[in-house]
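Colleague: Sharing a structure, written as structure tokens. Questions coming.
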Amino acid sequence: MIESAYLHIPFCQSICTYCAFERSANLKQIDQWLDVICDEVQNTLKQAKQNDPTFKLKTIYFGGGTPSVLSCAQLERLASLFADVFDPYGEWTIEANPESITLEWLQTARRLMINRISIGIQTFDVKRLQTLNRHHTPLQAKQAVALCRQAGFESISVDLIYGFAKQTMADLNADLDAFLELDIDHLSIYSLILEPDSALGKRGYVPLDEYENALMYEQIDKRLTQSDFEHYEVSSFARNQKYGLHNSLIWDDGQYFGFGFGAIGRDEQGLYHHSGTLKQYIQKQSHLEYEENPNPWFDAIMTGLRTTMGLNVLKWNLRYGFDFKQRYAHVLNQYSECFIEQNDRISLTKQGMEILDTILVEFLMED
């Protein structure tokens, strides 16, 4: 049973230089896009309720793009479609950028039952914000968090990026200091890895080398764990058990609706997305395509081992028809000191997390 939904809002006021996601800076298309995606959501949810009158979504995630470019009226039109299927005890996340957040918009989101917000701050350094083509200031980032609190958001997350060219450990610590001063309970932090189609990738921008990145990753883990954060996923830290529930479901091999152009969904057949271009989606000329995946069982291992929760071995065995411990006995023995087995789950020690990529290669080679 599908109990989660991801909805992609493919619009931004400007395009970040590191971004290779499906997005458009033509905000005039939003209302046309809304007509199409509202039909898609209504039809899918109607079918789900017909199949199961008790159908509810435990997690909803509005990502992008930049969802905060939607006006209050546009956000209300979209979010109201989920009003009678969202579990009020669930998690409903929306992404936002500091420069487009207003108190009215945040209050509208809260009124619509959206209860978690993820703010794309990326860095508190002015020059690096310019490198990324971000259009907020460090002060606006801090003010955005204050506005979220004023609007009644208790669950707030921030995104940060590290691994910039010539970034020093002092620079990294300055960003971490600024984050900790916000006194919020969730951080997602990513190394600057450039896709070839991104603006920085096309310019030949060279981020920090792998060794320096690894040192920064260790420093991030050290600083945040000293501040009572749990490193519960490779890129995610939470305090007071404020985990991101939607992403946790995906990491645990869950299924979810993928609404809109640029979204990825997952059902019994596998991962799917909309074909073609945003223009074709708006013109109703796209269709759902399933992605070819010769070994989805490896994807489940890869995402499960990213988290401290680990891989649910019993669920994996039932879903994919293998005996995990038997199939991967060589890897489990070779890295026995890196694995923790508890309650039908296998997870990695801190040492194992540090060499996750190496261990995953070994799993892949066994296939």
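Colleague: For region 49-57, check the following and say yes or no: at least one residue is crowded, with 20+ Cβ neighbours inside 10 Å and either modelled with pLDDT of 95 or more or under 16 Å from the mean Cα position of the chain (by Cα) (or both). Please lay out each step first, then the result.
Modeller: If we filter region 49-57 for residues that are crowded, with 20+ Cβ neighbours inside 10 Å, which is where we start, we get 57.
With either modelled with pLDDT of 95 or more or under 16 Å from the mean Cα position of the chain (by Cα) (or both) added as a condition, the list becomes 57.
Yes, region 49-57 contains at least one residue that is crowded, with 20+ Cβ neighbours inside 10 Å and either modelled with pLDDT of 95 or more or under 16 Å from the mean Cα position of the chain (by Cα) (or both).
Colleague: If Thr93 satisfies every condition in (1) exposed (fewer than 15 other Cβ atoms within 10 Å of the Cβ); (2) of a type in the set (Ser, Thr, Tyr); (3) touching a residue at least 60 places away in the same chain (Cβ under 8 Å) but one, which is the exception?
Modeller: (1)
Colleague: Looking only at region 143-181, filter to residues that are charged (D, E, K, R) and open to solvent by 20 Å² or more (accessible area, probe 1.4 Å); which one of those is nearest to Tyr211 (Cα to Cα)? Steps first, please.
Modeller: Keep residues of region 143-181 that are charged (D, E, K, R), which gives 149, 154, 159, 166, 171, 175, 177, 181.
Filter once more, keeping what is open to solvent by 20 Å² or more (accessible area, probe 1.4 Å): 149, 154, 159, 166, 171, 177, 181.
Values: Arg149: 38, Glu154: 37, Asp159: 22, Lys166: 13, Asp171: 17, Asp177: 23, Glu181: 28 Å.
Applying the filter and picking the extreme gives Lys166.
Colleague: Quick check on my filter: what residues within region 293-336 are under 21 Å from Tyr232 (Cβ atoms), out of contact with any strand residue (DSSP E or B) (no Cβ under 8 Å at 6 or more places or on another chain) and not hydrophobic (A, V, I, L, M, F, W, C)?
Modeller: Passing the criteria: Asp299, Thr303, Lys315, Tyr335.
Colleague: Just need a number here: residues in region 112-130 that are surrounded by fewer than 17 Cβ atoms within 10 Å (Cβ to Cβ) and either in a helix (DSSP H, G or I) or small (Gly, Ala, Ser) (or both).
Modeller: Residues meeting the conditions: 3.
Colleague: Related question: Scan region 71-84 residue by residue and report those that are touching a helix residue (DSSP H, G or I) at 6+ places or on another chain (Cβ under 7 Å) and touching a residue at least 60 places away in the same chain (Cβ under 8 Å).
Modeller: So the first thing to find is which residues in region 71-84 are touching a helix residue (DSSP H, G or I) at 6+ places or on another chain (Cβ under 7 Å), and the list is 72, 74-78, 81.
Passing the criteria: only Leu78.
Colleague: Something else now. Say we look at region 187-216 and pick out the residues that are under 19 Å from the mean Cα position of the chain (by Cα) and free of Cβ contacts under 8 Å to residues at least 60 places away in the same chain; which of these is farthest from Leu147 (Cα to Cα)?
Modeller: Residues of region 187-216 under 19 Å from the mean Cα position of the chain (by Cα): 187-195, 198.
Adding the requirement that they be free of Cβ contacts under 8 Å to residues at least 60 places away in the same chain leaves 187, 189-191, 193.
On the way: Leu187: 18, Ile189: 22, Tyr190: 25, Ser191: 28, Ile193: 31 Å.
Taking the candidates together, the pick is Ile193.
Colleague: Restricting to region 198-216, and then to whatever is of a type in the set (Ser, Thr, Tyr) and open to solvent by 50 Å² or more (accessible area, probe 1.4 Å), can you tell me which residue is farthest from Met353 (Cα to Cα)? Talk me through it step by step, then tell me what you get.
Modeller: Residues of region 198-216 that are of a type in the set (Ser, Thr, Tyr), as a first pass: 198, 205, 211.
With the extra rule that they be open to solvent by 50 Å² or more (accessible area, probe 1.4 Å), the set shrinks to 205, 211.
On the way: Tyr205: 28, Tyr211: 16 Å.
Once the filter is applied, the top-ranked residue is Tyr205.
Colleague: Could you check, for region 237-246, whether at least one of its residues is at pLDDT 95 or above, in a helix (DSSP H, G or I) and touching an Asp or Glu at 6+ places or on another chain (Cβ under 8 Å)? So that I can check it myself, show each step before the final result.
Modeller: Within region 237-246, the subset at pLDDT 95 or above is 237-246.
Remaining after also requiring in a helix (DSSP H, G or I): 245-246.
With the extra rule that they be touching an Asp or Glu at 6+ places or on another chain (Cβ under 8 Å), the set shrinks to 245-246.
Yes; the residues of region 237-246 include at least one that is at pLDDT 95 or above, in a helix (DSSP H, G or I) and touching an Asp or Glu at 6+ places or on another chain (Cβ under 8 Å).
Colleague: Here is a further query. Among the candidates Val126, Val158, single out the residue that is touching a Ser or Thr at 6+ places or on another chain (Cβ under 8 Å), without any contact (Cβ under 8 Å) to a residue 40 or more places away in the chain, under 28 Å from Val206 (Cβ atoms) and not small (Gly, Ala, Ser).
Modeller: Values: Val158 fails: without any contact (Cβ under 8 Å) to a residue 40 or more places away in the chain.
Selected residue: Val126, the only one of Val126, Val158 that is touching a Ser or Thr at 6+ places or on another chain (Cβ under 8 Å), without any contact (Cβ under 8 Å) to a residue 40 or more places away in the chain, under 28 Å from Val206 (Cβ atoms) and not small (Gly, Ala, Ser).
Colleague: Report, by residue number, each residue of region 245-270 that is among the charged types (D, E, K, R) and either in contact with a Lys or Arg (Cβ under 6 Å, 6 or more places away or on another chain) or closer than 27 Å to Leu187 by Cβ (or both). Can you show your working first?
Modeller: Step one: of region 245-270, the residues among the charged types (D, E, K, R) are 252-253, 266-268.
Selection gives Asp252, Asp253, Arg266.
Colleague: Looking at region 234-270, which of the residues that are farther than 22 Å from Ile2 by Cβ and of a type in the set (D, E, K, R) is surrounded by the fewest Cβ atoms within 10 Å (Cβ to Cβ)? Outline the logic, then answer.
Modeller: Initial filter on region 234-270 (farther than 22 Å from Ile2 by Cβ): 234-242.
From the residues that got through so far, the ones that are of a type in the set (D, E, K, R) too are 239, 242.
Working: Arg239: 15, Lys242: 19.
So the residue we want is Arg239.
Colleague: Does Ile193 qualify as being β-branched (Val, Ile, Thr), open to solvent by 30 Å² or more (accessible area, probe 1.4 Å) and in contact with a strand residue (DSSP E or B) (Cβ under 7 Å, 6 or more places away or on another chain)?
Modeller: Details: β-branched (Val, Ile, Thr): yes; open to solvent by 30 Å² or more (accessible area, probe 1.4 Å): yes; in contact with a strand residue (DSSP E or B) (Cβ under 7 Å, 6 or more places away or on another chain): no.
In short, no.
Colleague: Then there's this: Among the listed residues Ala73, Ala109, Ala79, Ala146, which satisfies the condition of being of a type in the set (A, V, I, L, M) and either in a loop (DSSP other than H, G, I, E, B) or closer than 29 Å to Ala174 by Cα (or both)? If you could, list the steps in order and put the result at the bottom.
Modeller: Working: Ala73 fails: either in a loop (DSSP other than H, G, I, E, B) or closer than 29 Å to Ala174 by Cα (or both); Ala109 fails: either in a loop (DSSP other than H, G, I, E, B) or closer than 29 Å to Ala174 by Cα (or both); Ala79 fails: either in a loop (DSSP other than H, G, I, E, B) or closer than 29 Å to Ala174 by Cα (or both).
When all the criteria are applied, what remains is Ala146.
Colleague: Name every residue in region 261-274 that is under 16 Å from the mean Cα position of the chain (by Cα) and within 16 Å of Asp39 (Cα to Cα), in order of residue number.
Modeller: The answer is Ala263, and nothing else.
Colleague: Need a quick list: strands (runs of 3 or more DSSP E) entirely within region 271-367 having at least 3 residues that are closer than 26 Å to His8 by Cβ, open to solvent by 40 Å² or more (accessible area, probe 1.4 Å) and in contact with a Phe, Trp or Tyr (Cβ under 8 Å, 6 or more places away or on another chain). Talk me through it step by step, then tell me what you get.
Modeller: Values: elements: 288-290, 339-342, 345-348.
In region 271-367, 288-290 are the strands (runs of 3 or more DSSP E) which contain 3 or more residues that are closer than 26 Å to His8 by Cβ, open to solvent by 40 Å² or more (accessible area, probe 1.4 Å) and in contact with a Phe, Trp or Tyr (Cβ under 8 Å, 6 or more places away or on another chain).
Colleague: Does Ile184 satisfy being among the hydrophobic types (A, V, I, L, M, F, W, C), in a loop (DSSP other than H, G, I, E, B) and surrounded by 17 or more Cβ atoms within 10 Å (Cβ to Cβ)? Explain how you work it out, then say what you get.
Modeller: Working: among the hydrophobic types (A, V, I, L, M, F, W, C): yes; in a loop (DSSP other than H, G, I, E, B): yes; surrounded by 17 or more Cβ atoms within 10 Å (Cβ to Cβ): yes.
Yes: the conditions hold for Ile184.
Colleague: Please go through (1) more than 30 Å from Arg128 (Cβ to Cβ); (2) without any contact (Cβ under 8 Å) to a residue 24 or more places away in the chain; (3) not β-branched (Val, Ile, Thr) for Asp87 and return the number of the only condition it doesn't satisfy.
Modeller: Exception for Asp87: condition (2).
The values are calculated or read from the model by the stated rules, or taken from the named source; none is laboratory data. Only a predicted model underlies this, so the values are computations on that prediction, with no experimental measurement involved. Don't worry about glycine lacking a Cβ; one is built from the backbone with ideal geometry, like all the others, and counts go over all protein chains shown. Heavy atoms of the whole protein, side chains included, go into the accessibility calculation; ligands, DNA and RNA do not. Shrake-Rupley method; radii C 1.70, N 1.55, O 1.52, S 1.80 Å.
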